[in-house]
Structures are given as C-alpha cells and as structure tokens.
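Asker: Sending over a structure as structure tokens; questions will come in a sec.
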Amino acid sequence: IFDLELMDGMDASTSKVLRKLTVEAKAQQIEVLYTHVTPQFEEKLRSQELVTADHQAFADLNEALHSIEDAILQYREILQEKWIKLHHSFALQQQLASRRIAFE
C-alpha cells in the first residue's frame, strides 16, 4: 500500500520506478494499492499504467484496508468450501465450529 497523501506530483523517474515495482510485484502475485488518490491523480496513475483496476486506488487508507479485509474473507470462504468438499469430517467440524460461535 502506497499512501500518496503527501505526494504533490510525479515526475518521469518516479513513474519509472513505480512501474518497475508494480511489474516486479505482479510477477510475485502481489498487487500494489494506492491511497489518498484524487480522481485527477488516478487518471495520471492509469495513464502511466500503474493502476489498471478499480480496486487499486482508494480515497483513504481505511477504504484500502476494508478492501483488503473483504478480499481475505472471500479467500477464506473459498478455502473453507474446498476443505468441506474434501472430506465429510471437515464439514462436520465446520458445522460444530459454526454452532459454537453462534452459541457464544
């Protein structure tokens, strides 16, 4: 996560370094996110191909963190579904855990 709150502009060398970082991160299956991005600055990031999706630029840090949390929860749910389908004992264990949480 790059917080751009104090960034007042971006010259060619900064853009080049960020693009290199973004490419290297993507090769490692890491996504670079930007916070405190104004609509005008988002356009510049998009034109420099630093932002390629809507979920990469956020108005503030909390918005970015909520997006990451949502992605983690979705991933966890997918993994739980895979494990549940793998063996019936995993499904039973998940049901027991759900009941325990609901009881508490």
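Asker: For Asp3, what residues show an amide H to amide H distance below 5 Å, using hydrogens built from the backbone and excluding near sequence neighbours?
Answerer: Sorted by chain and number, the residues that satisfy this are Thr35.
Asker: Let me ask another. Run the 1.4 Å probe and let me know the accessible area of Glu77, rounded to the nearest 10 Å².
Answerer: Roughly 100 Å² of Glu77 is accessible to a 1.4 Å probe.
Asker: If you don't mind, another one. Against the longest alpha carbon principal axis of the chain, how many degrees, from 0 to 90 and to the nearest 10, is the axis of helix 88-103 turned?
Answerer: Here the helix axis deviates by roughly 80 degrees.
Asker: So which lysines can Lys44 reach, going by Cα to Cα under 23 Å and dropping same-chain residues fewer than 8 places off?
Answerer: Lys16, Lys20, Lys26
Asker: I would also like to ask the following. Counting only protein chains, not ligands or nucleic acids, how are Thr35, Thr14, Thr52, Thr22 ordered by accessible area (probe 1.4 Å), most first?
Answerer: So the residues, ranked largest to smallest area, are Thr52, Thr14, Thr22, Thr35.
Asker: Could I ask something else about it? With the other protein chains left in place, how much accessible area per residue, in square angstrom, belongs to the chain at a 1.4 angstrom probe? Each step should come with its number before you reach the end.
Answerer: On the way: 8240 Å² over 104 residues.
On a per-residue basis, 79 Å².
Asker: So, in Å, what gap is there between the alpha-carbon centers of segment 65-87 and segment 1-23?
Answerer: Cα centres, segment 65-87 to segment 1-23: 31 Å.
Asker: Determine the order of His36, His66 by accessible area, beginning with the largest, at a probe radius of 1.4 Å. Could the numbers behind the result be given before it?
Answerer: Working: His36 55, His66 110 Å².
Sorted descending by solvent-accessible area, the residues read His66, His36.
Asker: Now, a different point. Which whole-Hz couplings ³J(HN,Hα) result when phi for each residue of segment 18-28 is put into the Karplus expression 6.51 cos²θ - 1.76 cosθ + 1.60, θ = phi - 60°, listed in order with x for Gly and Pro?
Answerer: Listing the rounded values in order: 5, 5, 4, 4, 4, 5, 5, 5, 4, 4, 9 Hz.
The values are calculated or read from the model by the stated rules, or taken from the named source; none is laboratory data. Since we're looking at a predicted model, the values are computed, not measured. Heavy atoms of the whole protein, side chains included, go into the accessibility calculation; ligands, DNA and RNA do not. Shrake-Rupley method; radii C 1.70, N 1.55, O 1.52, S 1.80 Å.
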